[in-house]
Structure formats: C-alpha cells, structure tokens
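The values are calculated or read from the model by the stated rules, or taken from the named source; none is laboratory data. What you see is a predicted model; the values in this text were computed from it and never measured. Positions of Cβ are backbone-derived with ideal geometry, glycine not excepted, and every protein chain shown enters the neighbour counts.
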Amino acid sequence: MSESEIAPKHTETKTDISAAMADIVGSEHVLTDEKFVRDYAHDKLPYANYVEREGRLAGVAPRIAVRPGNADEVQKIAQLAKRLQTQVIPFGNGSGVLGGTIPISDELMVDLRRMDRIVSIDVENAMVTVQAGTNGGLFEAELNSRGYTCGHLPQSLEISTVGGWAACRGGGQASSRFGKIEDIVLGLKAVLPDGSCMDIRPVSRRAVGPSLRDLMIGSEGAYGIITELTLRIWKLPEAEQGVVLAFPSLQAAWDAARDIMQAELRPTVARIYDQVESHERTEGLGVFKTHPFLAILMFSGRAQLAAVEEQLSLEIAQQHGAVTGPVELFDQWKKNRYVAFSQKWQAQGFYNDTIEVTGKWSEIPAMFDAMGKAVKAIYPDVHFGAHWSHIYPEGACQYMTIRLPQMPQEKALQLHDAMWDAIQSLTLDHDGSISHHHGVGVFRNRWLARELGGGLAALQQIKDALDPGNLFNPGKVGLRPPAGSVVVGKG
C-alpha cells in the first residue's frame with residue numbers, strides 16, 4: 001500500500017466537517033476559531049516550545065477540535081472521520097513531552113476532557129472504572145477521599161488524564177511498588193478506526209491469546225481511542241515513612257538498590273541522584289561531604305510490614321556504606337513531587353529537556369558514563385544530570401536532564417538533536433530501552449526500527465489492518481506518516 005493510497009483526500013470544507021461534527025457533539029463543542037484551535041497545536045514537547053519562541057509551530061495547526069461527552073459520541077466521530085477520510089488525534093490534557101498529539105497533517109483533534117467521571121468503585125474486587133478524560137489529580141483525590149489510591153502517581157499527576165497515562169504507557173513515582181500503568185489497568189474500552197468498539201473486560205488474569213489490552217496501552221491513539229479504563233486500587237497506607245541516605249559512591253547506591261529489589265523488598269519510592277543532582281539538593285549538608293550521593297526511599301502500607309521492609313532495606317544500604325541523612329530532604333521532595341521545572345528554564349530562553357531510558361544493572365554504569373562523555377563532547381558546557389527514580393530487580397529507569405544556555409536557536413537545535421541521538425543510540429548500544437514512561441510520540445520515531453527490529457513491521461501491519469486509511473494519529477509511535485506530512489525535528 002503506497003502513501004498516496006492511504007493519504008486522506010480532504011475534499012470536504014472546514015465548514016462542512018464542522019457542521020457534521022456539531023450534529024454529533026453540539027455546536028458549542030466544536031472549536032473552529034484559530035485562537036482556540038492553536039492551543040491544540042502542540043503538547044509539552046520541549047522542541048515545540050523552542051520553535052514557538054520564534055512564532056513557529058513544530059507541526060501544523062489542527063483543522064478543528066471537537067469535544068465529545070461520551071463514548072457513543074466518540075464512536076460517531078470515528079465513523080464520520082472514516083466516511084470523510086479525515087484524520088483524528090485523541091487529546092487528553094496535552095501533558096506529553098514527545099509530540100504525541102502534535103498535528104502533522106491537518107488532523108482533527110478529539111478532546112476527551114468532558115469525559116471526566118468515575119463510573120464506579122468496586123471495593124470487593126479492588127478496582128475502579130473511570131472515563132478516559134478524567135484529570136489525574138482529581139481522580140486520585142477522589143479515591144483518597146474514599147480511602148484508596150490508584151498507585152499511579154506521575155510527576156504530571158495534576159496536568160494529565162487517566163486515558164493519557166495508558167495511551168503513552170506511563171509510569172508513576174511509586175512504580176517500584178505498584179508497577180507501571182500496564183500493570184495497573186485491568187480492562188478498557190476503546191473506539192477503533194472503523195468506528196466499532198472494543199471492550200476488554202476487567203479480570204485478574206487471562207490466557208486467551210495475545211493481550212489486546214496491551215495493544216491499546218502505549219499505542220498513543222494510533223490503534224484506537226480509549227474511552228474508559230478499569231484500574232486496580234489499593235487502600236491508603238496505614239503508615240508512610242521517608243528515609244534519606246548518603247552513599248560514598250554512585251556504584252554503592254546502585255548496588256544497594258539492586259540488592260533491595262532482588263531481596264523482594266518493596267519501597268514505594270526509590271530515588272538515586274548522580275553527583276550533579278545530589279549537589280543541587282545537598283550543598284552545605286555535613287554528611288554529604290564524605291558521602292556525596294543522595295538517595296531517597298519511602299516505605300508504606302501496613303505499619304508492621306512497612307517497618308520491616310524499612311529495617312531490612314537499611315541493613316542492605318548500610319552494607320554498601322550508606323549513612324542516614326536529614327529527613328527534611330525527603331520532605332522537600334514530597335512537597336514538590338508534582339512540580340515540573342523544565343518550563344521555568346525554557347521560559348528564560350534555555351534549552352532544557354529530559355530523556356528517560358531503561359537499563360540493566362550490569363549495563364547502567366557504563367551506559368551512564370558513556371552518555372555523560374558523549375554530551376560533553378558535543379557541547380562541553382552543557383548541564384547534564386541524572387537520577388534513577390524507578391527501580392526493579394533487573395534494572396532501573398535513568399532519567400536525565402540536558403540543558404543548553406541561551407544561544408542562537410539554529411545552533412541550539414543542532415546541539416539538542418545531536419545529544420538526543422547520542423543518548424538514544426548509546427541506550428541501545430548498552431542493551432537498554434529508549435523509553436521508560438514518556439512514550440514515543442513523534443520525537444522518538446527515528447530510533448524505533450532499531451529498538452523493535454522486525455517488530456516494528458508487525459506493528460505497521462496491525463495498523464494497516466485496523467486503520468487502512470491511516471486516520472488515527474498517523475505518523476506516531478514509529479508508524480507510517482501520511483504523504484506530505486510535516487516532519488517534527490528530525491523525527
């Protein structure tokens with residue numbers, strides 16, 4: 001199938017499609033005015049923020065935006081889009097950082113935020129059913145008021161949606177205990193590109209072929225629009241205790257984290273900081289003069305169990321040379337755990353970005369060292385810092401910040417691109433994965449073939465079967481873009 005065969009024809013006028021969509025959702029929920037539609041033109045992709053300083057868009061402005069109020073309306077929108085051969089992009093709250101909702105070919109935005117209701121809380125089976133457009137912070141607050149937590153607590157909690165968590169295969173700050181979103185979602189409902197509905201019933205486990213649930217989780221709207229999810233929930237912890245540790249070396253901190261997880265202990269939060277990020281948080285604190293590497297742990301749950309896990313974890317940490325530090329550092333982290341600082345730097349004209357990857361314990365030391373050397377070789381004065389904020393028995397997420405100073409944009413974008421390529425390529429060189437929880441969007445497209453190998457062709461074949469018109473969020477997650485579409489960065 002050639003690109004010309006799958007390209008939408010766009011023969012209908014903007015007025016025609018707006019009128020047709022108004023018949024579905026009501027005219028008040030169809031946005032056509034440029035000043036409103038432009039708000040959907042990009043998410044929080046740093047590259048998009050950089051070029052916007054010069055009045056440019058990373059992609060294009062969408063045709064219109066529609067705001068359905070229920071799954072039936074989403075289904076009718078998909079059916080109409082198929083009939084008119086109009087491309088659509090599902091939109092949650094635009095909190096993604098990789099351009100997953102950036103229009104690249106005159107798409108129509110489907111804003112799901114009116115679908116913001118908790119459908120039911122099933123206490124006996126410890127699950128909650130929620131509409132996809134529900135704000136994450138409000139969702140968690142409502143669960144908390146009833147004595148529960150969803151266990152998925154990303155930094156973007158207050159500016160993201162539950163459907164967005166699943167669409168990008170996200171991970172929260174408590175993933176070491178509760179898992180990532182793919183471990184928490186039990187079932188979901190989605191509208192497919194042909195306008196039909198998929199209902200994956202929530203059950204504890206199943207063995208009925210490949211997981212259709214996982215086909216949707218992480219697909220970023222390319223295979224379907226998620227309208228409803230059922231997630232696991234947990235009772236709010238009886239006890240919660242933060243611990244601050246100072247390690248003599250980064251290797252000692254990594255070794256301690258590995259041994260804690262392989263001992264089947266379950267810290268709710270585990271964070272290790274490199275020398276750069278440790279110094280930012282501990283400057284002037286005595287214990288860190290001899291033990292300069294900061295780690296933060298949190299234990300929670302039943303009081304007796306949390307106390308035992310804390311004790312055993314501290315014993316392991318002490319075997320690797322750790323000493324305890326002031327608990328105020330944990331309190332500061334907890335107070336600011338949902339605050340993102342990138343936009344502060346970007347607003348001042350800096351080129352700040354974050355990149356998260358995963359690595360095995362055996363590879364992380366060499367991988368981290370190689371990345372630091374690579375970005376410094378590209379631009380010696382770059383700010384490069386890292387922390388490891390999601391730990392597992394086999395490895396961890398390495399979350400890096402790169403920041404270039406104010407400089408001519410053309411030069412900065414070239415350096416920024418070179419650093420992204422170095423870090424993603426070195427991740428694969430060291431047998432890691434190029435993303436832990438931010439997803440792919442459009443910005444990571446160029447590395448997907450190397451990451452997935454022949455699997456990428458299989459995903460494209462599934463896309464072609466489900467969406468022969470290439471109408472659902474085309475060109476994302478490494479899949480084929482429409483003919484004549486805009487290239488974002490070099491993605």
Could you list, ordered by first residue, the pairs with Cβ atoms under 8 Å in which the first is in region 58-81 and in contact (Cβ under 8 Å) with a residue 12 or more places away in the chain and within 17 Å of Leu471 (Cα to Cα) and the second is in a helix (DSSP H, G or I) and acidic (Asp, Glu), at least 6 apart or interchain?
Ala61/Glu34
Looking at Ile272, is it assigned to a strand (DSSP E or B), touching a residue at least 12 places away in the same chain (Cβ under 8 Å) and more than 30 Å from Glu309 (Cα to Cα)?
no
Taking region 445-491 and keeping only residues that are aliphatic (A, V, I, L, M), assigned by TED's automatic domain parsing to the domain that holds Pro103 and outside any helix (DSSP H, G or I), one is left with none
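Go through region 31-102 and tell me which helices (runs of 4 or more DSSP H), entirely inside it, have 2 or more residues that are of a type in the set (Gly, Ala, Ser) and either under 19 Å from the mean Cα position of the chain (by Cα) or farther than 27 Å from Gly489 by Cα (or both). Give the steps one after another, and end with the answer.
On the way: elements: 34-37, 46-52, 71-84.
The qualifying helices (runs of 4 or more DSSP H) are 71-84.
Take Arg444 and tell me if it is among the basic types (Lys, Arg) and under 28 Å from Leu153 (Cβ atoms). I'd like the intermediate steps shown before the answer.
Numbers: among the basic types (Lys, Arg): yes; under 28 Å from Leu153 (Cβ atoms): yes.
In short, yes.
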Which residues, taken from region 219-228, are touching a Pro at 6+ places or on another chain (Cβ under 9 Å) and not β-branched (Val, Ile, Thr)?
Glu220, Gly221, Ala222, Tyr223, Gly224
Report yes if Thr290 is β-branched (Val, Ile, Thr) and over 27 Å from Phe384 (Cβ atoms), otherwise no.
no
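Is at least one residue of region 423-445 within 30 Å of Lys82 (Cα to Cα) and either out of contact with any Leu (no Cβ under 9 Å at 6 or more places or on another chain) or of a type in the set (Val, Ile, Thr) (or both)? Step through it out loud before you land on a result.
Going through region 423-445, the residues within 30 Å of Lys82 (Cα to Cα) turn out to be 438-445.
Remaining after also requiring either out of contact with any Leu (no Cβ under 9 Å at 6 or more places or on another chain) or of a type in the set (Val, Ile, Thr) (or both): 440, 442.
Checked against the condition, which is being within 30 Å of Lys82 (Cα to Cα) and either out of contact with any Leu (no Cβ under 9 Å at 6 or more places or on another chain) or of a type in the set (Val, Ile, Thr) (or both), region 423-445 yields at least one hit.
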Selected residue [at pLDDT 95 or above and over 30 Å from Tyr148 (Cβ atoms)] from Pro46, Pro90
Pro46
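For region 238-249, which positions are in contact with a helix residue (DSSP H, G or I) (Cβ under 7 Å, 6 or more places away or on another chain) and either in a strand (DSSP E or B) or crowded, with 17+ Cβ neighbours inside 10 Å (or both)? Steps first, please.
Taking region 238-249 as the starting set, the residues that turn out to be in contact with a helix residue (DSSP H, G or I) (Cβ under 7 Å, 6 or more places away or on another chain) are 238-239, 241-247.
Of everything in region 238-249, those that are in contact with a helix residue (DSSP H, G or I) (Cβ under 7 Å, 6 or more places away or on another chain) and either in a strand (DSSP E or B) or crowded, with 17+ Cβ neighbours inside 10 Å (or both) turn out to be Ala239, Gln241, Gly242, Val243, Val244, Leu245, Ala246, Phe247.
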Do the conditions hold for Asp106, that is, is it assigned to a loop (DSSP other than H, G, I, E, B) and touching a strand residue (DSSP E or B) at 6+ places or on another chain (Cβ under 7 Å)?
no
I need a count of the residues in region 286-318 that are over 12 Å from Pro248 (Cβ atoms) and in a helix (DSSP H, G or I).
15
Residue under question is Val442, and the condition is that it be in contact with an Asp or Glu (Cβ under 8 Å, 6 or more places away or on another chain), more than 18 Å from Gln398 (Cβ to Cβ) and of a type outside the set (Lys, Arg); does it hold?
no
Considering only residues that are surrounded by 12 or more Cβ atoms within 10 Å (Cβ to Cβ) and part of a loop (DSSP other than H, G, I, E, B), which ones fall in region 325-341?
Gly325, Pro326, Val327, Arg337, Tyr338, Ala340, Phe341
